[in-house]
Structure formats: structure tokens, C-alpha cells
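The values are calculated or read from the model by the stated rules, or taken from the named source; none is laboratory data. Treat the numbers as computed from the prediction; the structure is a model and nothing was measured. Note: ideal-geometry Cβ built from the backbone for every residue, glycine included; neighbour counts use all protein chains shown. In case anyone asks, the SASA skips ligands and DNA or RNA and just uses the protein heavy atoms, side chains included. Shrake-Rupley method; radii C 1.70, N 1.55, O 1.52, S 1.80 Å.
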Amino acid sequence: QERMPQTPLFAAMFDSSSYNRNLYQSKEDNCGGLYYHDNNLLSGSLEALIQHLVPNVDYYPDRTYIFTFLLSSRLFMHPYELMAKVCHLCIEQQRLTEPGLDKNWNQKIAPKILQLLTEWTETFPYDFRDERMMRNLKELAQRIASGDEMYRKNVQQLLQNLIRKLATVSQYEEVLAKIDATSTDRLTVLKTKPQSIQRDIITVCNDPYALAQQLTQIELERLNYIGPEEFVQAFVQKDPLDNDKSCYGDQKKTRNLEAYVEWFNRLSYLVATEICMPVKKKHRARVIEYFIDVARECFNIGNFNSLMAIISGMNMSPVSRLKKTWAKVKTAKFDILEHQMDPSSNFYNYRTALRGAAQRSLTAHSNREKIVIPFFSLLIKDIYFLNEGCANRLPNGHVNFEKFWELAKQVSEFMTWKQVECPFERDRKILQYLLTVPVFSDDALYLASYESESPENHVEKDRWKMLRFVSEI
């Protein structure tokens, strides 16, 4: 069972120990289109895997199987098609039962079907933004509820929880849209360098530790809204056995993953803007040292995403070319951080630090120690390469389930991290600034940089002339 994606915190969400958690039910499964080796499910036909998802009187699928199959099945079919098949199999079972045993069957199977639906709606709620999914869910729930008063309450609870989750994500999306509208996000024209800057990051928050905490606030909130399926949907391609169109296309119901990547880019540009804006060299040096301290605090907290965004902002050409400014900076602390996030050997140093933070998180007693915010672009890249490196189907047409165990293992670890509640108090003023203050475009950054420290060579001089010409038009 070693290769199953079982992360304690995440698995605890699914605790229903009253069911038989044995994934390997019987020898017949090997004949039923599923192939095992050393008790590990390696592959199976799509139909057999769907059958394996549906509980019956004597069987309830393993928690990790449910998560893995619901996560990966969308590479082969729409979630609503899977839901329709699950409903059909449940109804079929009921129909095949002897007439007199109907009530008895309901008592044995209803709680299991209800449990499966609970796991689906709790872990992949965004699937149910599709009306067809909702229709099927209500139909099956209705069938369960009609059997017994007790189940009716449970069904109502399940639907209420789901509707509440979907309402929350809609509100969150509205807030994001408002933030985008408030922040012009790019100051494409910078006619002259502002002589007096009304506000900068240090006047809003002069404590690097406090800023690192508010960055962590934003990171955890945005992480929390990313559904596990968004990782898979990002890579959905056409299933070779499906002559129809690509599996997803219009079915993408969320863009929380993209919004999170955009936040990383915004933070990098914000850091570069804050450094390039001040007119005086000593002010710019002070801002650089301030961000080095913020980055160090992010590292201590376990917020690797903000840390990496700050480092990339400082490494942007308009910032790194400011040699006279950097000469005034004590860079020893920055060198240590850069070493930690050094990309060589496939980010070996960072991965070691991440493992340490993940280990600490597992044994932590407080939310403060549980925080693990991975460098997100690298996480996506890892999942992308895992997906690209192995085929979804084996030559015999079977689904390559071994690949999906690995995929689920990576995603379930992320699921554990995203559930940590932020232990820091929100500071509205700082959050507002971080999320909405305008940041410079690439051109505006170069223009500000050249006005701070003159161009050093022909290439820079030509670029400066061109930028000044454009800004005056």
C-alpha cells in the first residue's frame, strides 16, 4: 500500500471506519477487468474502474481509490458522464434485488452511497457547478431519502453543505474580479518619474515580519480555493479512444489556479516597482534590504511561494542592473535566500527545505507550524512532467492506474497544505495595498530604472530613448 496517496490530515477528512476499507476485495476482481500486482491496483478497463467505485452490500471502495479515480477519471470522461454511470449502477443494483428485500437493501446500501456522494461533493465541489451533475445528484439523493426519514436529513445536509460551498466560491470570484478592477495592475505610461511618492510599502507596513504574515494570509486564502481537479484539467488533452472532442473544453468551471499564478506575477512586479520607484539611491537600498527581510520571514514561516516571488522581483533586469544601489546593500542574507531557492539540480535545496517544512507540519500542534506553501509554479511543473512522462492508457487499452496513484499522491499532499487556517490576524490596510496598488509594466520598470541609474551601454541607451519617446506620445 506504500504507493497510495494517503496523507494523514487529508485522509482524516474521509474517515468512515465503519466501512470495509479493503481495496482488494477478492480474486474475481482480477478477472473483472482490473489488474493487480503485489496487491496494488495497476490498471483496468474504464468500465471496471467505474464499477469499482460503486459500493454494494458487501463492499465500500477505499478512500484513496475514490480520490484517485475521481481526480483522474476526468481525463477520460466528463464528471457528469461518470455521475450518470454511477447513478445507473446504483439503480441497477436496486432493481436486481429481490422485491421483498428492497427495504433491507436500502438500509445496507443507502449509507454507503450517501458516503460516496459526500466524499465527491466535499472533495470536488466544483464538479457540481454543472447543472447536469446537480440533477443527477438530486435524483440519486432523492431515491436514498425516500427509503428512510434518517437518510432524508443526511441528504438535506449534504445538499446544503454543497450549495454553501458553491456560494462561497462564487463570492470569492466576485471579490477577485473587484480587486482586478480596482487595481489598474499595470501603469503602462510613466511620463516622468514621480518626485514625491505618496505611499510606498514601508510607509504602509514598516515591519517585514508583519508583511510576511499578510502575504501568507493572501497565499493561504488563494490556495484554499484551488480544487484538486484544476491540476488535472490544466493538462487535459484528447483521449485517443474518444473520437469526439477534447474531454474538457467548455467544461472548465474554475480558474483559481490561474488566479494564483497571476498573484505570484503581481507580487514579483510589485517588489520590482517598489525598488525602482524611489529617486534616492539610499531609499532604493533600504527597500531592497526591507524585502530581503520579508523574504527571510516568509522562509521561516514556510511560505515558499511569496519567497520565490520576492526573489524573482529582485532578479528582474531593471532591478538587478542598479549596481550603485546594490553596492549600498548588505547582501549576505540575500545570498543565503538565493542559495535556498537555487534552481540547479532541479531545485535540490528548495526541495530539501520543503520536505523539512512538510515534516514539521505533520507533527505540528499549532496552525503556525503547519504552514507549508509550496513554490507553486514548480509544483505545477512537477505534476505536468508526471502527466507527460507516462501514458494515460496502456497498449491493451487499460487505464494506467499506477500513474494516477502517483498523481493523486502529489495532489493529496497539496490538499493537506491548503486546509491550514491562517493563524495571523488580517490587516486590511496592508492587504488592500498588496492587492490593489498599481504596479509598473516591464517598460515602466526599465524607464524608472534608467532614470535612477543612467544606461551603461548602447543597447540600454537605445532602449531608454525609445521608452522616453513612447511615454511622451
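For this structure, a couple of remarks:
- Accessible-area composition of segment 321-457, carbon plus sulfur, in percent [1.4 Å probe]: 50
- Length added when fully stretched, residue 386-residue 157, from 0.36 nm per residue minus Cα-Cα: 78.7 nm
- Using θ = phi - 60° in the Karplus curve 6.51 cos²θ - 1.76 cosθ + 1.60, the 3J(HN,Hα) couplings for segment 44-53 round to x, 6, 4, 4, 5, 5, 5, 4, 5, 7 Hz; x is entered for Gly and Pro.
- With a cut-off of 13 Å on the backbone N, the residues of segment 323-339 near the modelled label site 7 Å out from residue 293 along Cα-Cβ are 330.
- Under 12 Å from residue 280, Cα to Cα: aspartates and glutamates that are on another chain or at least 8 residues apart: 451, 453
- With a Förster radius of 56 Å applied to the beta-carbon distance between residue 348 and residue 107, the computed FRET efficiency rounds to 0.50.
- Cross-link pairs beyond the 22 Å C-alpha cut-off, checked among 330/370; 165/381; 112/370; 324/461; 108/403: 330/370; 165/381; 112/370; 108/403
- Full-extension gain in nm, residue 358 to residue 426, via 0.36 nm per residue minus C-alpha separation: 22.0 nm
- Simple spin-label estimate for residue 164 and residue 436 gives 2.9 nm between the two label positions (7 Å along the Cα-to-Cβ direction from each Cα).
- Gained length - residue 182 relative to residue 122, 0.36 nm times residue gap less alpha-carbon distance: 18.3 nm
- Accessible surface, per residue, of segment 31-161 when the full set of protein chains is kept, probe 1.4 Å, Å²: 42
- Residues whose placed amide H lies under 5 Å from that of residue 439, excluding near-sequence neighbours: 185, 186, 187
- Distance between the 7 Å Cα→Cβ label points at residue 317 and residue 281: 2.3 nm.
- Residues whose amide H comes within less than 5 Å of that of residue 40, counting only those at least five positions distant or on another chain, are absent (H built at 1.01 Å from N in the peptide plane).
- Of the peptides 45-53, 167-175, the ranking by mean beta-carbon count within 10 Å, highest at the top, reads 45-53, 167-175.
- A protection proxy built from the mean count of other Cβ atoms within 10 Å ranks the segments 371-377, 381-387, 258-264, most packed first, as 371-377, 258-264, 381-387.
- Each Lys and Arg adds +1 at its Cβ and each Asp and Glu adds -1 at its Cβ; summed about the Cα centre, segment 31-161 shows a dipole of about 320 debye.
- With the simple spin-label model, which puts each label point 7 Å out from Cα in the Cβ direction, the residue 457 to residue 367 separation comes to 5.1 nm.
- Using a Förster distance of 30 Å, the FRET efficiency for residue 261-residue 40 (Cβ separation, nearest 0.05): 0.30
- Label reach from residue 377 (point 7 Å along Cα→C-beta): in segment 307-346, amide nitrogens under 14 Å belong to 307-317, 341-344.
- Report note on the peptides 390-399, 409-418: ranked by the mean count of other C-beta atoms within 10 Å, highest first, their order is 409-418, 390-399.
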